Amino acid sequence: MAQRYVEQGAVRVLSLYEGFFSGGARVLHSSVVAGLHAQGRQRHTVLSIHDEVRRDAVLQRLTDDRRYTQLTAAGVRVASLGRSSEVAHDPEVLTDAESEALARELRAADVVLSLKEQPLRLLSHPDALPDRPVVACLHRSDPEHQGSGLGHLLRAADDGRLAAVVCCAESTRAAYEAAGVPAHLLGVIPNGVDLTRFRPARPARRLAVRGAHRLPADGTVVAFAARYDAMKNPRLFVAAARELLGSDAGAHVVMCGSGMSPANPDLAADLREAFGDRPDLLGRVRLLGVRHDMEQVLAASDVVALTSAFGEAAPLCLIEGAMCGAVPVTTPVGDSARIVDGIGLVTGFDAAEIAAAWREAAARRDSLAGALVAARPRFSHVRMLSAYAAVVERAHRGLGLTLAPA
């Protein structure tokens, strides 16, 4: 584990995770935690409810997860209550051992961050736990689809435990205000990425990555970076890919993320349905699964695509792809249209329209290169880290939420 200098009297911050599994919210939050811990003015730890979670047709274990590795390498201690989604648990009830472990972690913290609203159920019995100010970090725009999480969030606000709610997008703030979260608790910190990692590749590197994945040197490549989930609408992406590949003999598509592999029977069924009349086109569909080099895959692509149907807030794939030089093309969900304004395209939910937008985006890639470069400061993670650090400090001091307009 890497050693990091931590200032004397640093604010002690505990992040609560449902578990460690692939997804943009965990990527973003783990980046924030690792970044703030490395600065030395705050000392961060993480408590995960689960050791392993089955999602997207895959059992994903804590210690195998890239976020776990990132955090521990930064010197962040990661603990777990040890639950498994393979074993039946009442999510609203803690065992005595779990309650003791939670109380021990809370006693060692000054401020609690909750990754999304679901882990707030751990704090639903305030009389039995040390009282600490809580900052909920929200990354979706559909509170109605979050199970009991919204109820726990509202209860924490009513109990006075909730110091602030950080939303990654204006669409998130508006949705949760409409759902009953007090407006004075809500603020927006737009997502950012590490611009030293996500950047355009040199021509030789771009060609090398394409060659490694059997992609053409000069054909159109469309990247889809998402987990296999109804929210992400992978069937629509596959349908649009069928339209593109059927009309452009040089085009290829790559699908990355949890569940985006031949081992996923649902994805295999989607591909059979879409390409049943043209199985020859499937040779230009690359299923890459979970990748730890997305900056290379995106930099080798012409277009980064999002076909989500609901729930999105500020999708990292659009930001990461754009910062790598791929033109973002998205459906109108969450803040996606705001993110791609001036640097990409917005479509409806028709497969033919989406495929046509991909072709247009690829054709305009060179002309949009200047706009993509000019947009880089807007998506810097340095700005994001500074804003999160200020929220934590204000929560520790008992001050209200103060954020500049998004």
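The values are calculated or read from the model by the stated rules, or taken from the named source; none is laboratory data. Everything numeric here is computed off the predicted structure, so don't read it as measured data. Virtual Cβ from ideal backbone geometry, glycine too; neighbours counted across all protein chains shown.
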- LEU59 fails exactly one of the following numbered conditions: (1) surrounded by 15 or more Cβ atoms within 10 Å (Cβ to Cβ); (2) under 26 Å from SER258 (Cβ atoms). What is the number of that condition? (1)
- Unmet criterion (only one of (1) modelled with pLDDT of 95 or more; (2) farther than 22 Å from PHE21 by Cα; (3) of a type in the set (A, V, I, L, M)) for ALA136: (2)
- Query: Counting just the residues of the range 244-303 that are buried (at least 21 other Cβ atoms within 10 Å of the Cβ) and assigned to a strand (DSSP E or B), which one comes out nearest to the chain's Cα centre (by Cα)?
  - Reply: CYS256
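If the requirement is being touching a helix residue (DSSP H, G or I) at 6+ places or on another chain (Cβ under 7 Å) and free of Cβ contacts under 8 Å to residues at least 60 places away in the same chain, which of these qualifies: HIS44, HIS89?
On the way: HIS89 fails: touching a helix residue (DSSP H, G or I) at 6+ places or on another chain (Cβ under 7 Å).
After applying the criteria, what remains is HIS44.
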- Hits in the range 212-252 (condition: of a type in the set (D, E, K, R), farther than 25 Å from GLY24 by Cβ and touching a residue at least 60 places away in the same chain (Cβ under 8 Å)): ARG214, ARG242, GLU243, ASP248
- Message: Restricting to the range 47-86, name every residue that is in a loop (DSSP other than H, G, I, E, B), touching a residue at least 40 places away in the same chain (Cβ under 8 Å) and at negative phi.
- Response: ASP65, ALA74, VAL76, SER85
- Which one is surrounded by the fewest Cβ atoms within 10 Å (Cβ to Cβ), of the residues in the range 149-191 that are without any contact (Cβ under 8 Å) to a residue 24 or more places away in the chain and touching a helix residue (DSSP H, G or I) at 6+ places or on another chain (Cβ under 6 Å)? ALA183
- Task: Look through the range 310-362, keep the residues that are in contact with a His (Cβ under 8 Å, 6 or more places away or on another chain) and surrounded by fewer than 24 Cβ atoms within 10 Å (Cβ to Cβ), and return whichever of them is nearest to MET384 (Cα to Cα).
- Result: GLY311
